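The values are calculated or read from the model by the stated rules, or taken from the named source; none is laboratory data. From a predicted model like this one, the values you see are computed outputs, not experimental measurements. FYI the Cβ positions are ideal-geometry reconstructions off the backbone, even for glycines, and counts take in every protein chain you see. Keep in mind that these areas ignore ligands, DNA and RNA; they rest on the heavy atoms of the full protein, side chains included. Shrake-Rupley method; radii C 1.70, N 1.55, O 1.52, S 1.80 Å.
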Amino acid sequence: ITFNDKLRVQIITGPNQNGKSRFMDSIGLHQIMFQAGWPIFAQKAEMSPKTDLRVHYVHSGVGILGESRFSNECQDVFRNFSEFYGAYPLFLIDEPYTGTNYLDAEQLLKEILLSCSEENVTVFLTTHFHGLIDFVSSLPNGHNLHCVVTDDDSFTYKIEEGSSTKSNALLVAEKAGVRYENIKSIIKQRRELDYNSFQVEKKDDLPF
């Protein structure tokens, strides 16, 4: 893990469930452990203190009544920037702005990354928005990282330099049983269960 003045703004791309978020977790945890004076899990390290550590992680069920997930995220991002303390903050952002269309999301994330680049905020951001890859490369202190997968798409849980446009969303969905054939089968099974449980007569001529 390397971040300094020349590597201030970094994004991590790659397939689901291959370690992006856990990699970022380790950055925050080790920064806390280092600044608390505790041993860290590394053979060697050269670290400097941060004046603040902020995180934006999206979890299910976020938001309040009458507020969209995206609106809640915007407010959380605003709160984090508003509460930055000191000249050298560290901001960890995990897969933000997925609750709106990807074009708007990419534009907003570019603005966050550009602001951090110009104002010397150290930021790590995990994302599946591949439109950010070239943009980050264009920043003077931008850098791309990616999850490494083998030629047969096996996970390695390693993070290396460079970017990745690979996605395993369909495979994850298949394992979860929510592809087309799975869903059709589930619907049929549930329908038969309801017919049998409630002894409902099957009718194909209902008006709804």
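Data overview
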{"item": "Fraction of beta bridges assigned by DSSP in the chain that are antiparallel (%, nearest 5)", "result": "15"}
{"item": "Percentage of interatomic Cα-Cα distances in region 1-115 larger than 17 Å", "result": "62"}
{"item": "Region 98-155, accessible area per residue, ligands and nucleic acids excluded (1.4 Å, Å²)", "result": "48"}
{"item": "Principal axis dimensions, region 80-138 - Cα atoms, whole angstrom, descending", "result": "33, 25, 15"}
{"item": "Hydrodynamic radius of region 93-179 per Kirkwood, over alpha carbon pairs, in Å", "result": "14.5"}
{"item": "TYR88 versus ARG190: modelled label distance in nm, points set 7 Å from Cα along the beta carbon direction", "result": "5.4"}
{"item": "In range of the label at LEU170: residues from region 12-34 whose backbone nitrogen is under 20 Å from the point 7 Å along Cα→Cβ", "result": "14-18"}
{"item": "All Cα pairs of region 11-51, percent lying beyond 15 Å", "result": "48"}
{"item": "For peptides 134-141, 45-52, sequence by mean Cβ density within 10 Å, most packed first", "result": "134-141, 45-52"}
{"item": "Rg/Rg_globular for the chain, with Rg_globular taken as 2.2 N^0.38 Å and Rg from C-alpha atoms", "result": "1.31"}
{"item": "With every protein chain in place, the chain: carbon and sulfur % of accessible area (1.4 Å)", "result": "53"}
